Amino acid sequence: MEILQRINLTSKLTFFFAIVMFIYGIICRIIPIYFFWESLYLSGIVFLIGIFFVLNSESKKKKSESKSNIILIIGKAFIVLSIGMFALINLIFNNSDAFKTIENHVKNNTELINEIGQINNVVALPIGTISSKMDSSGKSGNATLTLLLKGEKKYKEKSFSAQKDIDTDWRIIGKN
């Protein structure tokens with residue numbers, strides 16, 4: 001309980017919202033509730049922000065006491081780097097040709113449309129890989145992305161694999 005007393009109100013609220021978002025993310029899939037499914041993944045970012053607030057508060061205390069706080073600074077840098085990597089991965093996934101090909105496939109897939117309704121939004125979750133190789137012959141690559149498909153009837157998470165050979169465009173090669 002001493003730890004909870006040392007944490008400031010901003011950090012406590014941030015942790016509280018992270019936990020609520022995580023629990024809601026699980027519950028909305030079980031019940032199912034078709035609203036804000038991204039909360040499951042965003043709760044991790046909110047949790048990291050809470051840790052950053054705690055480290056920042058402790059760093060200020062140590063600085064006022066003229067104590068070394070290099071570990072706290074390294075921790076804060078790690079958290080900022082982690083959040084930055086999350087944002088960069090999300091940006092790369094959402095702007096990749098592989099994602100655009102998969103998104104086009106999803107929006108025109110009658111089987112999926114019959115199951116979840118007209119697809120209103122496709123969100124690339126930070127789960128997956130994209131690799132590409134460029135040589136003198138051209139560009140090739142592989143991608144596996146997990147998407148959150150938001151249909152009129154319901155939402156669904158689904159993984160897709162795509163491949164690009166040297167003289168072809170990206171094409172879907174599998175789905176789970």
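Scanning the range 30-37 turns up one or more residues that are within 20 Å of GLY151 (Cβ to Cβ), in a helix (DSSP H, G or I) and at pLDDT 90 or above. Restricting attention to the range 51-98, the residues being within 20 Å of LEU125 (Cβ to Cβ) and among the charged types (D, E, K, R) number 1. Residues that are farther than 19 Å from LYS164 by Cβ, at pLDDT 90 or above and open to solvent by 50 Å² or more (accessible area, probe 1.4 Å) were ranked within the range 117-131; the one that is farthest from the chain's Cα centre (by Cα) is GLN118. For the range 148-168, give me each residue that is among the hydroxyl-bearing types (Ser, Thr, Tyr) and either under 17 Å from the mean Cα position of the chain (by Cα) or not in a strand (DSSP E or B) (or both). Answer for the range 148-168, where residues must be among the hydroxyl-bearing types (Ser, Thr, Tyr) and either under 17 Å from the mean Cα position of the chain (by Cα) or not in a strand (DSSP E or B) (or both): TYR155, SER159, THR168. Residue-level check: of (1) assigned to a strand (DSSP E or B); (2) more than 28 Å from GLY44 (Cα to Cα); (3) of a type outside the set (Ser, Thr, Tyr), ASN104 misses just (1). Please determine whether any residue of the range 58-77 is part of a helix (DSSP H, G or I), in contact with a helix residue (DSSP H, G or I) (Cβ under 9 Å, 6 or more places away or on another chain), open to solvent by 40 Å² or more (accessible area, probe 1.4 Å) and touching a residue at least 24 places away in the same chain (Cβ under 8 Å). The answer is no, given that none of the residues of the range 58-77 is part of a helix (DSSP H, G or I), in contact with a helix residue (DSSP H, G or I) (Cβ under 9 Å, 6 or more places away or on another chain), open to solvent by 40 Å² or more (accessible area, probe 1.4 Å) and touching a residue at least 24 places away in the same chain (Cβ under 8 Å). Determine if the range 98-110 includes at least one residue that is of a type in the set (Phe, Trp, Tyr) and open to solvent by 40 Å² or more (accessible area, probe 1.4 Å). No - not one qualifying residue is present in the range 98-110. Among the residues of the range 128-161, those that are among the aliphatic types (A, V, I, L, M) and in contact (Cβ under 8 Å) with a residue 40 or more places away in the chain comprise ALA143, LEU145, LEU147, LEU148, LEU149. Of the residues screened, ILE83 is not one that is open to solvent by less than 80 Å² (accessible area, probe 1.4 Å), β-branched (Val, Ile, Thr) and farther than 18 Å from ILE45 by Cα. Quick one: ASN114 ticks every box in (1) open to solvent by 60 Å² or more (accessible area, probe 1.4 Å); (2) touching a strand residue (DSSP E or B) at 6+ places or on another chain (Cβ under 8 Å); (3) part of a helix (DSSP H, G or I); (4) not basic (Lys, Arg) bar one, so which box is it? So ASN114 meets the others, but not (2).
The values are calculated or read from the model by the stated rules, or taken from the named source; none is laboratory data. The model shown is predicted, which means the values in this text are computed figures rather than measured ones. Reconstructed Cβ throughout: ideal geometry from the backbone, glycine too, with neighbour counts over all protein chains shown. Side chains included, ligands, DNA and RNA excluded: accessible areas come from the protein's heavy atoms. Shrake-Rupley method; radii C 1.70, N 1.55, O 1.52, S 1.80 Å.
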